[in-house]
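The values are calculated or read from the model by the stated rules, or taken from the named source; none is laboratory data. Not measured: the values here are computed from a predicted model. Here the Cβ is made from the backbone with ideal geometry for all residues, glycine too, and neighbour counts use every protein chain on show.
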Amino acid sequence: MPKFELKEAILLLAIGQGVFLALVLFLLKRGSTLANRLLSILILTLSFYLFTIFVFWTGLIRSWPHFIMTGTLVLPLIPPLFYLYLRALMGYKVSRGAYLHFLPFLVQAVYWAPFYFSSVPFKVALVTGQIEPAMYSKLIGNFFEYAQFSQHAIYVAVIWIGTGVRYHSNLDGITRNWLTWVKRYFTFYAFVFVVGDLSYKLFDFGLPDYVYFYSIALFLYLVGYYGYYQQHVVFTGLQVIKPKYSYSTLTSEDSTELFAKLVAIMEGEKPYLNYNLKLKDMADRLQLSVHHLSRVVNENSGHNFSDFINAYRVKEARKILEDPDKMDQKMLAVAFDSGFGNKVSFYKSFKKFEGSSPVEYRGRIQGQKAVS
């Protein structure tokens, strides 16, 4: 009689949800098709691995012995699938060289093929210790285990380096947040796998196996959560926001229209009052690359983005300096209230656009009011 308790139920629910999500994502036409299909394959791989654990925990392995060691076989697929999915999420295609990521899986599959195609009695006898494996088989088995530890550790570095901020400037905020979350999850997953198994192998103690298995189930549950409650994240948000205009097709009419939208945002919402406002922030808002927005600003204002923003800040500072109720306000306070981060940049920009310092400008305004 198969054993079925709470821990088995947790795995079974995660497996069922994973298979469902994998099918939905694979057939999905919205967003980045490549990214969604890679995520689908990743989820299906994780679900299959959990299924092999479920088969062992419930005792069904006695009825389905062909699943013996199949979970170990798919482990080398997980790190490269995470990496390729994240790269696809940023808009990169899978090159021919990308298939080299799966070389560790292929090597292990070829080596273990005779075992997987062997008879059921032989598999059971070998796994239960009735047959002693050859010494070289033990050594190679240990080698593969340490290779998996190394692979997971290496991919943590590869993923954080290969999907850094400079590689995803065209992503919308939702997708960037999702990408960061997936990277952090993989780091957690790899830590649990490496530290948990390696500590057992070297010191005969460590994290219980179920911590690792449940960490995989957690990923499947969270993807399901986002897919159900925040569909824009998983099913519509997983896409690269391509620049609406390529450099060659950004006509003067397009540039003028985009600049008008930018000006409307500046005058209506006053984002320039945030001293930390960056070109990328406004590019994301307009769904443009930073290069295209820079071009739009240059063509229509004659300034670079920094001067364009500072011109609005200087205009705001003039209003404050001309306000009779604020004649005693300190210049540093005027700078901050205008969106400048410090007094030096405030004075420099004010002098550039007004031809005088803020103090001189205020003095001139006070003099004019005294005469009148």
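Summary of computed values
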{"quantity": "Among (1) β-branched (Val, Ile, Thr); (2) modelled with pLDDT of 85 or more; (3) in a loop (DSSP other than H, G, I, E, B) - the single one ILE131 does not satisfy", "calculated": "(2)"}
{"quantity": "Filtered residue count, segment 281-305, keeping only those that are surrounded by fewer than 18 Cβ atoms within 10 Å (Cβ to Cβ), within 18 Å of PHE340 (Cα to Cα) and either under 28 Å from the mean Cα position of the chain (by Cα) or touching a residue at least 12 places away in the same chain (Cβ under 8 Å) (or both)", "calculated": "1"}
{"quantity": "Matching residues in segment 112-161 - criterion: being touching a residue at least 24 places away in the same chain (Cβ under 8 Å) and of a type in the set (Gly, Ala, Ser)", "calculated": "ALA147, ALA153"}
{"quantity": "Whichever residue in segment 159-195 is among the charged types (D, E, K, R) and more than 21 Å from LEU46 (Cβ to Cβ) and, among such residues, is modelled with the highest pLDDT", "calculated": "ARG176"}
{"quantity": "LEU321, sole failed condition from (1) more than 37 Å from the chain's Cα centre (by Cα); (2) within 13 Å of TYR275 (Cα to Cα)", "calculated": "(2)"}
{"quantity": "Residue list for segment 326-346, filter: in a helix (DSSP H, G or I) and aliphatic (A, V, I, L, M)", "calculated": "MET331, LEU332, ALA333, VAL334, ALA335, VAL344"}
{"quantity": "Close pairs from segment 264-277: first surrounded by 10 or more Cβ atoms within 10 Å (Cβ to Cβ), partner among the aromatic types (Phe, Trp, Tyr), Cβ under 7 Å, at least 6 apart", "calculated": "MET266/TYR272; MET266/TYR312; TYR272/TYR312; TYR275/PHE340"}
{"quantity": "Segments classed as helices (runs of 4 or more DSSP H), wholly inside segment 24-96, with at least 2 members that are crowded, with 20+ Cβ neighbours inside 10 Å and in contact with a Leu (Cβ under 9 Å, 6 or more places away or on another chain)", "calculated": "33-58, 78-89"}
{"quantity": "Hits in segment 204-226 - residues which are closer than 24 Å to PHE54 by Cβ, modelled with pLDDT under 85 and of a type in the set (A, V, I, L, M, F, W, C)", "calculated": "LEU207"}
{"quantity": "Wholly enclosed helices (runs of 4 or more DSSP H) of segment 227-313 bearing at least 2 residues modelled with pLDDT of 80 or more", "calculated": "252-269, 279-286, 290-301"}
{"quantity": "Subset of segment 314-325 [over 17 Å from PRO271 (Cα atoms), assigned to a helix (DSSP H, G or I) and free of Cβ contacts under 8 Å to residues at least 12 places away in the same chain]", "calculated": "ASP325"}
{"quantity": "Qualifying position, being modelled with pLDDT of 90 or more, in contact with a Lys or Arg (Cβ under 8 Å, 6 or more places away or on another chain) and not assigned by TED's automatic domain parsing to the domain that holds ASN274, among PHE340, PHE350", "calculated": "PHE340"}
{"quantity": "Considering residues of segment 192-217 that are aromatic (Phe, Trp, Tyr) and touching a Ser or Thr at 6+ places or on another chain (Cβ under 9 Å) only, the residue surrounded by the fewest Cβ atoms within 10 Å (Cβ to Cβ)", "calculated": "PHE205"}
